[in-house]
Amino acid sequence: MKSTGVETSGAGEEKAALVAEQQPRVAGEKKQGRKVLVAVDDSDGSFYALKWTLDHLFNMNPAAELPTAGGDVVEPAGSDSSMIVLVNVQKPYQPYVYPAGPVIYPTTTVVESVRKAQAENAAAVLSRALQMCKDVKVKAETMILEGEPKDMICDVAEDLHVDLVVVGSRGLSKFKRAFLGSVSDYCAHHVQCPILIVKPPREEQVHDK
């Protein structure tokens, strides 16, 4: 099975990279609705990706039918049977390790404080994202997960059998991307369904280089 990369252009400088890995299907087969997983965190990039998804995949002519790369005919994303799954992944708290030194384990109070802050952050992020969906009358549900974001996104996408995964791109330079790694790059190579990587506006990419 081969992954293909397609870059599509929206209004202005909006761009998105689509990486699709499709299982063979019968041409013309009809699917009911569409389930789209959108990974969100507190970054501007992830909310930009959600807005792009709502504007371009859900704000469509309800009478239109969308053919997929596999030959299926799918009801438009804006139909009643389509929905967005908003996923926020919190990394587990790790003890601090000094270079060439001992591991510093935090007290129970510190751990509880960090977890409380993470829970509040996740709730705020998902509340904002859910409101964006409600504003355009798109059905949505939320999930908070704990673990490594790139792994959890791939796992939950498979568990929920979603039709599409949407993640934002941080617009990192080539050096930063190679050094830090990228959730979007990892998901593009490991998720078992089509994935849409939404790039930030060009002016935001310039600041990160």
Give the residue, chosen from GLU112, GLU120, that is modelled with pLDDT of 90 or more and more than 23 Å from VAL165 (Cβ to Cβ).
GLU120
Going through the range 130-165 in order, the residues found to be of a type outside the set (A, V, I, L, M, F, W, C), within 18 Å of ALA188 (Cα to Cα) and free of Cβ contacts under 8 Å to residues at least 40 places away in the same chain are ASP151, ASP155, GLU158, ASP159
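The values are calculated or read from the model by the stated rules, or taken from the named source; none is laboratory data. Source: prediction; values computed, not measured. Methodologically, a virtual Cβ is constructed for each residue, glycine included, from the backbone with ideal geometry; neighbour enumeration extends over all protein chains shown.
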